[in-house]
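In what follows, a structure is listed as structure tokens, so that the remarks can point back to it.
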Amino acid sequence: MQIVLDVMADMLEDLGCEVICAHSGAEALDVLRRTQRISITDINMPEMDGHELAEGATRLRPALKVLQLSGREKRRDGFPLLRKPFSQDDLAQVMQKTTGVC
């Protein structure tokens with residue numbers, strides 16, 4: 001999981017995004033309570049899955065735009081989903097289209 005997190009952080013930083021990493025869904029929600037900047041989550045992660053995180057995050061911030069990433073999960077709950085593997089160009093296009101950042 002750490003390798004995937006590191007690769008994603010590098011890709012987003014290369015696109016000009018400010019990156020704040022969390023190692024679990026619970027940590028991500030804690031960070032979200034303190035900052036406005038969270039908008040992307042993997043579906044498979046420790047403690048809670050990305051669907052649960054997206055639901056909790058949008059309860060905290062209803063206007064939050066969420067992009068989920070997965071190589072095997074199906075899209076759920078209406079949140080945009082980017083399938084792994086993807087290129088940095090794919091990520092940039094989807095980020096611009098779904099979240100309006102990067």
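Some observations on this one:
- Potential lengthening between Asp6 and His23 on full extension [0.36 nm per residue; Cα-Cα distance subtracted]: 5.0 nm
- Averaging the sequence gap over all C-alpha pairs within less than 8 Å and six or more residues apart, then dividing by the number of residues, gives the chain a relative contact order of 22 percent.
Any read-out appearing in this document is the output of simple, stated calculations on the displayed coordinates, not a laboratory observation. Every value quoted in this text rests on a predicted model; they were computed, and no experiment measured them.
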